[in-house]
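Some notes on the structure that comes next.
Every number in this text was worked out from the coordinates using simple rules, so none of it is lab data. Since the structure is predicted, the reported quantities are computational estimates derived from the model, not experimental observations. Backbone-built Cβ (ideal geometry, glycine too); neighbour counts: all protein chains shown.
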Amino acid sequence: MTETKRKSKPKLLELDIVRAIAILAVVLIHSTSDATVELPPGSGSQAVYLALNKLANFAVPVFILLSGLVLFYRYQDDFGGKQALQFYLRRVKQVLYPYLVWSLFYYLYNQWIYYRANLHWNTGEFLDLLPWADASYHLYFMVIIVQFYLLFPLLMWLCRAFRWFRSGLIWIGLLIQAGFYAYHNLVEPFGHMPSLCINYFSMFTLGGWIGLHYEAFSAWIRKHFVWVLPLTAVLGFGFMGLFQMELRLSIVLSHQWYQLLFFAYAAFAAMSFIRLGQLLLERAKAAARVLMALGAASFGIYLAHPAVLTYYKTHVLPQSGAMSAYHAYVFGAFALSLTIPWIATFLYGQAMRPFRRKKPKPSPAGSAA
């Protein structure tokens, strides 16, 4: 592939806005999780926090969809043996190293927070935490992403080798995920199912299909956004409503309904957010710049925010028993867990700039990845 063709791909700026929305949802989920169980069952405040928490549940699937979108968009025309090797080396640096460093950090940090008198180092104990991200509750996402990175070269080769695989990528991913889900529930459960990439396979392949056909998708979402956005809202409130029915009416539907609404909501939310990002870039450039900065820092915020949140919840209590004080407490958890890691990520980026090798005008396609 020529350098001219590589440069023909623009960077998808709207994706940083989608990342910003998704990281806001991640922090919202974690900062409101206690409020969904601490407040009196059936109270209005608990219902509000439960609604916020469940409406934000699109976060992880949207991030996975974005990963698939960017990878297939970036490499669809340029993925041979050399590119596969470069891909693995780059992803080891981008994901595996941070995973090891932050697993080590949380292994020691959580001991310092909860068991300070017994703070210790045990190599075997630490290594046992790594395969399934047991060092901290949020690191499972990185284990899932590593699995997708391992599978991506095969998926990319199949897309390049077989036209039917490329055109049917969405349905292939959906069928594979549904098949594994059926086996897990009807035949024999898989161990560590929440940390297996197969649990989100349809989202990755949907993102991959969008990445392979991004111009066509952009034209489609521009035309159909008028009903995609309302449908997203209906699916989101439907998903949230399942939990409200449990809470208020003690009605529990089968697990399949939760799964179906969860992934449908996340898929349409991702498509809606991409279009919203495009609209902000066109009509609200100042807001777009702020969200793009937040999206660019989303990985650092994801890694660090549980440390801030844990410290806050173990050292700060509501100032009184009044509900207004509790609301302020929850808002403080959200605001600090977002802003402190954001500032730290920005400062880290500034500090590391002198140590980065300067590249001669990287291609937009490369920067999109």
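For the chain, set up a Gaussian network in which alpha carbons nearer than 10 Å are linked by springs, and say which option among PHE72, PHE87, PHE204 fluctuates the most. Looking only at PHE72, PHE87, PHE204, the largest GNM fluctuation is found for PHE87. Our summary gives the chain a relative contact order of 32 percent, counting only alpha carbon pairs under 8 angstrom and 6 or more residues apart. Taking other C-beta atoms within 10 angstrom as a stand-in for reagent exposure, LEU303, LEU249, LEU96 fall in the order LEU249, LEU96, LEU303, fewest first.
Highest GNM mean-square fluctuation among VAL92, VAL330, VAL60, for the chain modelled with Cα contacts below 10 Å: VAL92. Extension gain, TRP171 to LEU186, is 3.2 nm, computed as 0.36 nm per intervening residue step minus the present C-alpha separation.
Cα extents for region 118-211 along the principal axes, largest to smallest and rounded to whole angstrom: 58, 30, 18. Note on region 44-147: the alpha carbon radius of gyration divided by the globular reference 2.2 N^0.38 Å gives 1.43.
Using a Gaussian network model of the chain in which every pair of alpha carbons under 10 angstrom is joined by a spring, one finds that among PRO354, PRO341, PRO194 the greatest mean-square fluctuation is at PRO354. Pairs exceeding a 26 Å alpha-carbon distance, out of LYS54/LYS223; LYS9/LYS93; LYS9/LYS54; LYS11/LYS82; LYS11/LYS93; LYS54/LYS93: LYS54/LYS223; LYS9/LYS54; LYS54/LYS93. Shown in residue order for region 12-24 are the 3J(HN,Hα) couplings computed by the Karplus curve 6.51 cos²θ - 1.76 cosθ + 1.60 at θ = phi - 60°: 8, 4, 5, 5, 5, 5, 5, 4, 4, 4, 5, 6, 4 Hz (x for Gly and Pro). The orientation-averaged projected area of the convex hull spanned by the Cα atoms of region 3-368 comes to 21.6 nm². What the Cβ-Cβ distance of MET245 and VAL95 gives, at R0 = 41 Å and to the nearest 0.05, is a FRET efficiency of 0.60. Between GLN83 and LEU108, the simple spin-label model (points 7 angstrom out along Cα→Cβ) gives 4.1 nm. Calculated mean residue ellipticity, 222 nm, the chain: -25000 deg cm²/dmol, from DSSP H runs (n ≥ 4) at -39500 (n - 2.57) each, averaged per residue and rounded to 500.
Classify region 186-251 as rounded, prolate or oblate, taking a ≥ b ≥ c as the square roots of the eigenvalues of its Cα gyration tensor: rounded when a/c is under 1.5, otherwise prolate if a/b is larger than b/c and oblate if not. Note, shape of region 186-251 comes out oblate.
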